[in-house]
Each structure stands twice: as C-alpha cells, then as structure tokens.
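Just so it is clear, none of the values below were taken in a lab; they were calculated from the coordinates. This one's a predicted model, so the numbers in the text were calculated from it and none came from an experiment. Virtual Cβ from ideal backbone geometry, glycine too; neighbours counted across all protein chains shown.
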Amino acid sequence: MIIRPLTVFEREAVRNFYLSLTPEDRRKRFCCTISDETISKYVDRLNFTRDTVLGAFDEQPRLVGLAELVRGATESEMAFSVRPEKRGQKIGTQLIQRLFLRARMCGIAKVFVVFLSDNTPMRRMASRAAMAVSTVDGESHAGRELSAATAEELAHWYAEESLSHSRYFGTLGIVRWGSLVSRSEGTISQPSEVLAPTV
Ligand SMILES: CC(C)(COP(=O)(O)OP(=O)(O)OC[C@H]1O[C@@H](n2cnc3c(N)ncnc32)[C@H](O)[C@@H]1OP(=O)(O)O)[C@@H](O)C(=O)NCCC(=O)NCCS
C-alpha cells in the first residue's frame with residue numbers, strides 16, 4: 001500500500017473516485033444524499049496546498065482510498081473514504097494515523113471527524129485512534145487534541161513522503177512500460193501516453 005499526499009494535478013482522480021461511489025457510500029462519506037454536480041463542485045473547491053488530501057494506492061497503482069484534512073480556525077476536519085472492495089484491510093486505519101501526523105506537523109491542535117451514528121467502521125476507527133466520540137440526532141462527532149510533532153517525527157514524515165512518491169511513480173512507470181510493451185508489439189508509442197496518469 002502506497003499512501004502519499006496528492007497534488008493539485010490529481011484533482012480529476014479525486015473527482016472520479018468520489019463520483020464512482022454508490023449513493024449509500026456517498027451518504028456515509030458526506031453524511032447526506034449528494035448529487036454528481038454537488039460532488040464535482042466540492043472537488044473543484046479542494047485546496048491541495050492549504051489542506052491535505054492523502055491518497056492510498058494499490059499495486060497497479062490505483063487510487064483505493066482518500067483522506068482529507070481541511071484546516072479550520074480552531075479545529076480541522078478530517079474525512080475518509082476507502083473503496084468498498086478494499087475495506088477491512090486497515091487502509092482507513094493507516095490513513096487516519098498518517099493524517100494525525102500530518103496535522104501535528106502543521107501545528108494543528110485539534111481535529112474532528114463527523115459521521116452518521118450507525119457507521120460502525122468509522123466509529124471503531126475513531127475510537128481506536130483515541131478520539132472522543134459523542135452522538136446527537138443520528139450524527140456522531142469524534143474529536144482529539146494533538147501535540148506538536150517532534151523533530152524525529154518531522155524527519156520520519158518527510159522520509160516517508162519522499163519514499164511514497166518514488167514508489168508511486170516507480171510503480172506507475174513499470175506498469176505503464178509493461179502495458180506499452182505488450183500493446184505496441186514493436187511499434188514506438190507516443191510520449192504523451194507514457195505521461196498520462198492512470199489514477
Ligand atoms: C470508514 C472507512 C474509511 C474505514 O475504512 P477501512 O479501510 O475499512 O478501515 P479499517 O480496515 O482500518 O477498519 C477500521 C475499523 O472498522 C472495523 N470494520 C471494518 N469493516 C467493518 C464492518 N463492515 N462492520 C463493522 N466493523 C468494521 C474494523 O474491524 C476496524 O476496527 P478494529 O480496528 O477495532 O478492528 C470505510 O468503511 C469507508 O470508506 N466508509 C465509507 C465512508 C465513510 O463512512 N467515511 C466516514 C465519514 S468521513
């Protein structure tokens with residue numbers, strides 16, 4: 001599993017990820033019924049520089065999970081989504097741990113996540129991450145205060161980030177190269193094909 005911060009150039013991958021979710025999974029993620037148009041507007045507003053969008057990738061590498069950290073004045077909101085066929089493999093747990101570290105290294109003192117009260121996986125994930133959960137009118141709120149990251153943790157984040165980007169682009173190159181070789185059968189492919197992202 002590769003987990004890396006996504007860049008502004010990956011906005012369309014995020015859009016496709018959310019648009020591919022079923023109505024029920026959209027409801028779990030956004031705590032309401034949400035149309036394609038509203039999802040698209042939401043993705044248009046994502047700020048990849050101020051906020052953090054983490055992507056989890058499988059070995060293809062396909063985008064299989066997303067975690068967002070949206071900065072607020074006093075506390076910052078986190079949100080998670082993992083592809084249905086990939087759930088139960090601790091991808092969500094890895095995403096929340098990475099997002100905590102990201103928040104701590106950004107100096108964020110408090111994070112929260114909002115979810116529907118019948119969302120057992122999210123509740124378990126939050127409780128395991130030592131977040132305090134409360135429920136009002138069918139909606140749950142989990143919050144946690146954070147300490148600043150240590151120098152060692154900062155170093156760890158940057159080392160991991162660098163490694164995850166190289167693993168991602170390395171894997172992308174290998175997969176692309178493999179598909180080009182099998183497709184081309186001796187013909188030379190255009191460079192644009194090589195550069196087109198598959199996320
Ligand atoms: C919430 C979500 C991100 C968790 O992702 P995941 O990769 O399956 O998470 P994990 O595998 O790390 O599991 C997290 C916990 O949920 C539990 N869990 C997973 N699937 C479960 C299920 N179907 N029923 C009950 N518990 C379940 C796991 O056992 C784990 O708890 P544990 O650590 O006590 O064993 C995923 O279910 C999801 O995408 N849901 C839809 C979007 C959503 O609900 N977002 C939350 C609001 S922002």
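Okay, here's what the table says:
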item	result
Phi-based couplings in Hz for segment 24-29 (Karplus 6.51, -1.76, 1.60; Gly and Pro marked x)	5, 5, 5, 4, 5, 6
Cα convex hull volume per residue for the chain (Å³)	133
Total charge dipole magnitude, segment 2-159, about the Cα centre, Cβ charges on Lys, Arg, Asp, Glu only, Debye to nearest 20	220
Low-density loop cleavage sites - trypsin sites (Lys or Arg not before Pro) in segment 1-103, where at most 10 other Cβ are within 10 Å (DSSP)	Arg50
Cβ-defined net charge surrounding Asp118, 15 Å radius [Lys, Arg +1; Asp, Glu -1]	+1
Between segment 55-85 and segment 112-133, the alpha-carbon center distance in angstrom	15
³J(HN,Hα), Karplus 6.51/-1.76/1.60, whole Hz, each residue of segment 40-51, x for Gly, Pro	4, 5, 4, 5, 4, 8, 4, 10, 6, 8, 6, 9
Structure-based [θ]222 nm, the chain - -39500 (n - 2.57) summed over DSSP H runs of at least 4, per residue, nearest 500	-14500 deg cm²/dmol
Whether segment 91-151 is rounded, prolate or oblate, judged on the alpha carbon gyration tensor where a/c under 1.5 counts as rounded	prolate
³J(HN,Hα) computed for each position of segment 82-89 - Karplus, 6.51 cos²θ - 1.76 cosθ + 1.60, integer Hz, glycine/proline x	10, 3, x, 6, 10, 6, x, 10
